[in-house]
Amino acid sequence: MKVLLTGGLGYIGSHTAVELISAGFEVEIMDNLYNSSINVLDKLKNITGKQIKFYKLDMCNLSDMDKMFKEGCFDAVIHFAGLKAVGESTKIPLTYYETNIGGTINLLKCMEKYGVNKLIFSSSACVYSTENVPPYKESGILKPINPYGRTKYFIEEILKDYVNANPKFKAIILRYFNPIGAHESGLIGENPNGIPNNLMPYITRTALGKLDQLTIFGDDYNTPDGTCIRDFIHVVDLAKGHLKALNKIEGLSGYNIYNLGTGHGYSVLEVLNSFNKVCENKVKYKLGKRREGDSECNFASSEKAEKELGFKTEKTIEEMCLSAFNFEKNNS
Ligand code: NAD
Ligand code: UDP
């Protein structure tokens, strides 16, 4: 099966490329390099021993997308490409709607024209309402609270409508929780430009002295240690979830949603303590104010993905911390 990965040079896409190639899939990658580097392509070759065909293009350009589809003859698409910074999305919402939603509509138009009818889409836990009681089930209330989250929610709705209108089309929506960590080779990992928004790259860069100190956003939540709780999942486990979905999609029909998480929550302080322990570090931190829009506690119900996809995470929080630090050291 030949699979197109949109946004495949990014953090999750690159790890998924490795897993798919190792499992014998033919992979091609499209990315406009907005939030990734062309060097990742060489690193993927290093890890897999395979040269991957790459299309540098913007999914908002329909005619470029059309040309790629004409050439590619893909059997399925995994759609990672998009903008993902929550804070930025509140400042430039139109860019987020145009890129994430406009790009997805272009993708669907091309898939329709060239008869590609299997899609796996990267959605997010941020589509859930904080009214849900964790563990969050796929059937929970949806109420994203920022423009980024709303792009994911609207795309899910668009896909539902599209599937209803096209019975041959199969879509799997994967709602990711908090991916962290990196490939064991230390060659690929999360490498945000500028000051990281996310917890783990902030910790690893502080540990290496690239940043002064971590601020923990709030220690007065109603949780055992007062800090927020999240479902941190190793990016390699998450990548393997895509393999499970791809292997299953032929036998499914219509529109299907799965959470990809571990089913367990760790607090921000627990992650920091695990990092300090396994990486033999003492990351400097201060306790700060709550970050606007953060939910107190969320973690996935992983039951449906386990039962229907056979998806089960394997890696521990310690492995997540060690691999993230290893990648950061390699990329200093
Ligand atoms: P990433 O930014 O590392 O990867 C996304 C890739 O898409 C980048 O390589 C970027 O250059 C590319 N891209 C952006 N706009 C594009 C465009 N117009 N045309 C072509 N390529 C474009 O992000 P990631 O962490 O790998 O996330 C992948 C997907 O998973 C995204 O859709 C994201 O919203 C979603 N997601 C991520 C997380 C997370 O915590 N990382 C959580 C939930 C969902
Ligand atoms: N966090 C923090 N300091 C940081 C970055 C994040 O305390 O510099 C906290 C954040 O408040 C949240 C958790 O870490 O409770 C995970 O945040 P992240 O941005 O990584 O993911 P999110 O859950 O927001 O998608």
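Observations on the structure shown:
- In this structure, the residue pairs whose Cα-Cα separation is over 31 Å, taken from K53/K210; K210/K307; K2/K152; K67/K168; K143/K282; K67/K160, are K53/K210; K210/K307; K143/K282.
- The C-alpha atoms of the chain define a longest principal axis, and helix 317-330 lies at about 80 degrees to it.
- Across the options N132, T104, V86, the greatest Cα extent toward the positive end of the charge dipole of the range 86-199 (unit charges at beta carbon of Lys, Arg, Asp, Glu) belongs to T104.
- Angle in degrees between helix 268-278 and the longest Cα principal axis of the chain, rounded to the nearest 10: 80 degrees
- For F311, residues with placed amide H under 5 Å, excluding near neighbours: E306
- Average accessible surface area per residue within the range 1-156, 1.4 Å rolling probe, Å²: 43 Å²
- Taking a straight Cα-Cα cut-off under 12 Å and skipping sequence neighbours fewer than 8 places away in the same chain, the aspartates and glutamates within cross-link reach of K312 are D237, E303.
- Contour minus Cα-Cα distance for D220 and R291 (0.36 nm per residue): 24.4 nm
- Cα→Cβ-extended label distance, 7 Å offset, between Q51 and K160, nm: 4.5 nm
- Taking the chain and dividing mean pair separation by its residue count, relative contact order in percent (alpha carbons under 8 Å, at least six apart): 19 percent
- Charge dipole magnitude, Cβ of K and R +1, D and E -1 - the chain, Cα centre, debye nearest 20: 360 debye
- Distances between placed amide hydrogens fall under 5 Å for Y176 paired with S123, S124, A125, L260, all partners being 5 or more residues away or on another chain.
- For the chain, with +1 on Lys and Arg beta carbons and -1 on Asp and Glu, the positive-most of G288, Q51, L208 along the dipole: Q51
- Accessible surface of the chain [probe 1.4 Å, protein heavy atoms]: carbon and sulfur percent: 48 percent
- Across the range 2-13, computed HN-Hα scalar couplings (Karplus, 6.51 cos²θ - 1.76 cosθ + 1.60, θ = phi - 60°) run 9, 10, 8, 10, 7, x, x, 9, x, 4, 7, x Hz from first to last residue, x flagging Gly and Pro.
- Other residues whose C-beta falls under 13 angstrom from the C-beta of Y96 contribute a net charge of +2, scoring Lys and Arg +1 and Asp and Glu -1.
- Mean Cβ count within 10 Å, highest first, over the residues of peptides 5-14, 222-231, 246-255, 182-191: 5-14, 182-191, 222-231, 246-255
- HN-Hα J in Hz across the range 77-86 - Karplus 6.51, -1.76, 1.60, θ = phi - 60°, x for Gly and Pro: 10, 10, 9, 9, 4, x, 9, 9, 8, 4
- Each Lys and Arg adds +1 at its Cβ and each Asp and Glu adds -1 at its Cβ; summed about the Cα centre, the range 142-281 shows a dipole of about 620 debye.
- Compared with the dominant Cα axis of the chain, that is its longest principal axis, helix 103-113 is turned about 30°.
- Taking amide H atoms as placed 1.01 Å from N in the peptide plane, the amide H of Y285 lies under 5 Å from those of L214, each 5 or more residues away in sequence or on another chain.
- The residues of the range 195-332 present an accessible area of 49 Å² per residue when probed at 1.4 Å with all protein chains retained.
- Given charges at beta-carbon only (K, R positive; D, E negative), |dipole| of the range 131-178 in Debye: 120 debye
- In Hz, Karplus ³J(HN,Hα) per residue of the range 239-250 (6.51, -1.76, 1.60; θ = phi - 60°; x = Gly, Pro): 4, 5, x, 5, 5, 4, 5, 5, 5, 9, 4, 4
The values are calculated or read from the model by the stated rules, or taken from the named source; none is laboratory data. Since we're looking at a predicted model, the values are computed, not measured. Here the Cβ is made from the backbone with ideal geometry for all residues, glycine too, and neighbour counts use every protein chain on show. Protein only, heavy atoms only, side chains kept; ligands, DNA and RNA dropped before computing areas. Shrake-Rupley method; radii C 1.70, N 1.55, O 1.52, S 1.80 Å.
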